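Each remark here refers to the structure printed beneath this line.
The values are calculated or read from the model by the stated rules, or taken from the named source; none is laboratory data. On a predicted model such as this, the values are computed, not experimentally measured, just so you know. Every residue, glycine as well, gets a Cβ built from its backbone with ideal geometry; the counts of neighbours run over all protein chains shown.
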Ligand SMILES: Cc1cc2nc3c(=O)[nH]c(=O)nc-3n(C[C@H](O)[C@H](O)[C@H](O)COP(=O)(O)OP(=O)(O)OC[C@H]3O[C@@H](n4cnc5c(N)ncnc54)[C@H](O)[C@@H]3O)c2cc1C
């Protein structure tokens, strides 16, 4: 079948949702189509590793984004966009459909990085989607032994969620201390202690090189020569940006596969924009980068929608990111790289502000259990200097 839309959005994630809503801020009538390879409507991914596990009063309905109700967009789900003909302004999909567009947004995000030999199955979940959440929920009903692979925010959040839900959890990560590539030792030590105190077996210093599944469970082969057996494995090793569609159509992609856009989120083709996890854009404080976080998906998606519909704005929002772990939480802006010089300022109730200093400027700010610090943190970063004193900045 062929379809025609004023605005066509490829990808059915959070960026697609806010882009459709951004279009409607400017254009009440233009037709909007969303082509997404997942079988579900756009859904807020942060809930998949947090509130849906930790808040008994919070349901999938509470989380729903209501993209269609709020925008009138038409969803084409279970359809992967395979080619873009930019001269003809049309997109073809794995379902054999053709979609004409006036303006196109690539909001293709990314796909979970996989471990060679460990094929996704009911016992091996590369955790990212609502469908994965449903599968994991069903699998942990009897509180099995779950091996969680990855010490980043998805691995740590899902490990915390599962142990609080009653499962036995082994968390495998490559570092000496959980979180040590990101956080200074005073924070990383606290994080590791939260997990061990909660009963999680933290297996550090090893990567999963491979493994196998059987009708009884999963076996993971680790780089330190050991094996871990469990009922299932949940894997959070980050994403590979889904820029291949753009690259195939002759648009510029970065070395890691992101889609290169300018400050108006536009590619070299004025009618093709990209936003969200997949977009490499010039941040007006932090410089060119790709950001895999929800504040960016929301704000950049909305800006892209408005720009698609005729707004003359530029994207000048520097995104923050956040995570929740047990009773702890943090917000952050910029680059958190513990190999940089760090300056730690203690606050009330165990809170800490951590400044990451890269040469002659502050490159990142961590707000560990400290509220209302995001805007002041952005000011510190925007100054592009190293302050004489860090004590009272936030
Ligand atoms: C479990 C989890 C918890 C998270 N928690 C936090 C958090 O606490 N804080 C935070 O800041 N961020 C968090 N994030 C990150 C945040 O959710 C993402 O940055 C955001 O959802 C990205 O949205 P997106 O739409 O750009 O990309 P995606 O969510 O990746 O959506 C893109 C969609 O496009 C589809 N697609 C790709 N290629 C094609 C194609 N060719 N044709 C059709 N469809 C295609 C993909 O399948 C996908 O459905 C979390 C992410 C996960 C997975």
Unmet criterion (only one of (1) surrounded by 17 or more Cβ atoms within 10 Å (Cβ to Cβ); (2) modelled with pLDDT of 95 or more; (3) within 10 Å of the ligand (Cβ to nearest atom)) for residue 244: (1)
The listed residue being surrounded by 17 or more Cβ atoms within 10 Å (Cβ to Cβ), farther than 26 Å from residue 19 by Cα and more than 16 Å from the ligand (Cβ to nearest atom), out of 365, 370: 370
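Out of the range 205-220, which residues are over 19 Å from residue 159 (Cα atoms) and buried (at least 19 other Cβ atoms within 10 Å of the Cβ)?
Of the residues in the range 205-220, the ones over 19 Å from residue 159 (Cα atoms) are 209-216.
Residue satisfying the conditions is 211 alone.
I need the full set of residues from the range 222-236 which are surrounded by fewer than 19 Cβ atoms within 10 Å (Cβ to Cβ) and either outside the structural domain of residue 148 (by TED's automatic domain parsing) or closer than 24 Å to residue 140 by Cα (or both), in order please. Can you show your working first?
Residues of the range 222-236 surrounded by fewer than 19 Cβ atoms within 10 Å (Cβ to Cβ): 223-227, 229, 231.
Answer for the range 222-236, where residues must be surrounded by fewer than 19 Cβ atoms within 10 Å (Cβ to Cβ) and either outside the structural domain of residue 148 (by TED's automatic domain parsing) or closer than 24 Å to residue 140 by Cα (or both): 227, 229, 231.
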Does the range 134-147 contain any residue that is closer than 18 Å to residue 2 by Cβ and touching a strand residue (DSSP E or B) at 6+ places or on another chain (Cβ under 8 Å)? no
Somewhere in the range 296-307, is a residue more than 13 Å from the ligand (Cβ to nearest atom) and more than 19 Å from residue 11 (Cα to Cα)? no
Checking 10, 26 in turn, the sole residue that is near the ligand (Cβ under 10 Å from one of its atoms) and either within 26 Å of residue 270 (Cα to Cα) or not assigned by TED's automatic domain parsing to the domain that holds residue 211 (or both) turns out to be 10
Got at least one residue in the range 75-92 being more than 10 Å from the ligand (Cβ to nearest atom), assigned by TED's automatic domain parsing to the domain that holds residue 276 and within 20 Å of the chain's Cα centre (by Cα)? no
